[in-house]
1. Among the residues in the range B:10-22, are any modelled with pLDDT of 70 or more, under 25 Å from residue B:85 (Cβ atoms) and away from chain A (no Cβ under 14 Å)?
2. In the range B:110-129, what count of residues is obtained for those that are crowded, with 24+ Cβ neighbours inside 10 Å and in a loop (DSSP other than H, G, I, E, B)?
3. Inspect the range A:162-175 for any residue being free of Cβ contacts under 8 Å to residues at least 40 places away in the same chain, surrounded by fewer than 20 Cβ atoms within 10 Å (Cβ to Cβ) and closer than 28 Å to residue B:250 by Cα and give the result as yes or no.
4. Scanning the range B:140-179 for residues that are crowded, with 18+ Cβ neighbours inside 10 Å and within 14 Å of another protein chain (Cβ to nearest Cβ), which turns out farthest from residue B:211 (Cα to Cα)?
5. I need the helices (runs of 4 or more DSSP H) fully contained in the range A:1-72, keeping only those with at least 1 residues that are modelled with pLDDT of 95 or more and crowded, with 17+ Cβ neighbours inside 10 Å.
6. Among the residues of the range B:210-224, which ones are within 9 Å of another protein chain (Cβ to nearest Cβ) and of a type outside the set (S, T, N, Q)?
7. From the list B:207, B:254, B:258, exactly one residue is more than 8 Å from chain A (Cβ to nearest Cβ) and farther than 22 Å from residue B:183 by Cβ. Which is it?
8. For the range B:344-354, indicate whether the set of residues that are surrounded by fewer than 20 Cβ atoms within 10 Å (Cβ to Cβ), under 24 Å from residue B:458 (Cβ atoms) and β-branched (Val, Ile, Thr) is non-empty.
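The values are calculated or read from the model by the stated rules, or taken from the named source; none is laboratory data. Just so it is clear, the model here is predicted, and its values are computed rather than measured. Positions of Cβ are generated from backbone atoms using ideal geometry, with glycine treated the same way; all protein chains shown enter the neighbour counts.
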Amino acid sequence: MDSSINSHQLPNHTAEHTHDEEANSMFGFVVFLLSESIIFLSFFAGYIVYKTMTPLTEWLPTGVAGLEVKEPAINTVVLVSSSFVIYFAERCLHKNNLMGFRAFLLTTMAMGSYFLYGQAVEWSNLAFGFTSGVYGGMFYLLTGFHGLHVFTGILLQLIMLLRSFIPGNYDTGHFGINATSLFWHFVDVIWIVLFVLIYVWQ
Amino acid sequence: MTIQVSSTDAADLHHHAHPPTTWKTYFTFSHDHKVIGIQYLVTSFVFFLVGGILAMIIRAELITPPADLGDRTFYNGMFTMHGTIMLFLWTFPSLVGIANYLVPLMIGARDMAFPRLNAAAFWMVPVVGILLMASFFLPEGPSQAGWWAYPPVSVQNPTGSLINGQLLWLLAVAISGVSSIMGAVNFVTTIFKMRAPGMTLFRMPIFVWAVLSAQIIQLFGLPALTAGAVMLLFDLTVGTSFFDPAKGGNPVMFQHFFWFYSHPAVYVIILPIFGVFSEIFPVYSRKPLFGYKVVAISSLVIAGVSGLVWVHHMYASGTPGWMRMLFMVSTMCVSVPTGIKVFAWVATVWGGKIRLNTPMLFALGGLIMFVFAGITGIMLSSVPVDIHVNNTYFVVGHFHYVLYGTVTMGMFAALYHWFPKMTGKMYNEGLGKLHFWLTFIGTNLNFFPMHPLGLHGMLRRAASYADDLVFWNVIASLGGFLLGMATLPFIFNMISSWMYGTKAPDNPWRAIGLEWMVSSPPPVENFDRIPVIISEPYGYGKSTPLTADTPPVNPVSHS
């Protein structure tokens, strides 16, 4: 037992530090995402409680029959498939295929941007606003907060893309792209729940 | 001490650097967890003084029955800011400070996992303070909705101005939340990933267990408050109606968001103090901590149960009877793991060779106050009692026994206990004991009368009261002023001892623990060589050493 412990002893602690840092960062990032998901869960819980406690006749703002599902459904398909695309980007990078990495990452960014564009179009066509009762407030709060996350994800992807043009940048570690990819999957999973709650359960 | 690290290593030169020698270091963006820890401690103590002055203004108002010191808005601002500052700028950051200082040392790490994130989290605290202080200078004064910011009071904006006290309050709380989440990510990662070889989870000091449990609560509770605060912010500024019943909203929803975090937050504050007690009692009793594993796990159990009890703050908010029953039972369950801890401490001290130094006095005093607070806590968890004393001074008395009697006194215990380690100097024992007795007497004089006052129906947050309540109010006010004076010997002691005190040995209490194996104050990066842990902590009176390459700190022959 003693010998196994001694093998941990550190002849050179800086080497150990760089090794640890990547693992630590990923661990910390997962912890952060867990915490982040609680904010979404809180909003979801709020939405569910408001919806179930309000009489159906008072739930939707006056003059609003419900939400159009078709375009958001297409949007959902685009966003969820982009999760697979960024996975391929990640795999390309692990195999040192920089060109493939850039191509897949650009595709992910384009799909994410298409999603944001689709949502902007939807927002501009809606008959109710942020201050139209609890329903309007919850709708724009949830979709807006999620949209902010999509935007953040695209920004992260842009940074990862730019970093790929610095020679040798990805030789030392892949934490950046692994975290970006995980964040993107997280944003997608949140959207699926959000889509079911707001669009499917009307 | 032998050094095995190769001398060509660039970082090698770095980690023999000396600890900060001038006060100017503490005004820089330092990455050293020890500097950040002291930055947290000093900053939060400054706000403790501000919050204390506000408390004395409140007690000055309450020394006579009529509301004669200022107008109602003034008084509302005083108690709102007193509560907000004491919670968000004293208890939370001071405990983060002590944890920041100790956790890496206690687990044999050179620093926190993310040193820069750590510094960034600290520098948000002064920003929170400035925002809150700035609200005193607004024409309509600071927020007046109480520290819990319940709507509809908190969404009223009579003057209609965009910048108002409530807005600054919400921004400050939001920033303090971001800072706390950053800290929590850092602590959880550090404790899980940075422990020295051989330090299994069940070889961690109880303080580290307590910090871990507390920070897990932060991670999973704080986002709920953030969600509620964001919705409140929109209600206040852009006219949404989440909490406005006139437009279909529900004010009780905010209470759920708020208490889902703010009840567990009580344990965020008190768990590290339980950790401090668990560190101090064995050292000053020369005995191993009784029931180490049970005490360790009870912290996690408290953290878990804490998420299931929040509705006990809302018995009087129209909560249906079956739900009140459920939450009454879950609330009472908290007393089981807490009681286990209390019994473990009593069993630790029992029959030990007790040294009544200042840290031990404060820890024992804090324990006595906590037992009292626990008893009134169980009373309040019971629905019929709570309905009777809801919103009265009985509640105020209860949580001040927790927050001053236990948390603040425990904090003083920690500050005295680790003062020699942090500064390399000894504090003045006579002044320390004077501070303790003034505090102990002042706390009881100040907060005990609140219980009879509450039972007689004096409402909290009231600026005036009936004439027959004068007696207990005068005693409480005198106790409050005594508490204010009690802080003076502490300030004098800390400053003069740090500047001119006698030099402290590395381990003045003959304690077991990694933090006592390094020099006082510890060097930058803490350890020349990462220690290898081979036994459980708290081996007082046992012959097993703590680490592979050191002799037992306290061989049997000593005791």
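1. no
2. Count: 2.
3. Looking for residues that are free of Cβ contacts under 8 Å to residues at least 40 places away in the same chain, surrounded by fewer than 20 Cβ atoms within 10 Å (Cβ to Cβ) and closer than 28 Å to residue B:250 by Cα, one finds none in the range A:162-175, hence no.
4. If we take residues in the range B:140-179 being crowded, with 18+ Cβ neighbours inside 10 Å and within 14 Å of another protein chain (Cβ to nearest Cβ), then B:155 is farthest from residue B:211 (Cα to Cα).
5. The qualifying helices (runs of 4 or more DSSP H) are A:13-53.
6. Applying the first criterion (within 9 Å of another protein chain (Cβ to nearest Cβ)) to the range B:210-224 yields B:218-224.
Scanning the range B:210-224 gives B:219, B:220, B:221, B:222, B:223, B:224.
7. Working: B:207 fails: farther than 22 Å from residue B:183 by Cβ; B:258 fails: farther than 22 Å from residue B:183 by Cβ.
Only one candidate qualifies: B:254.
8. no
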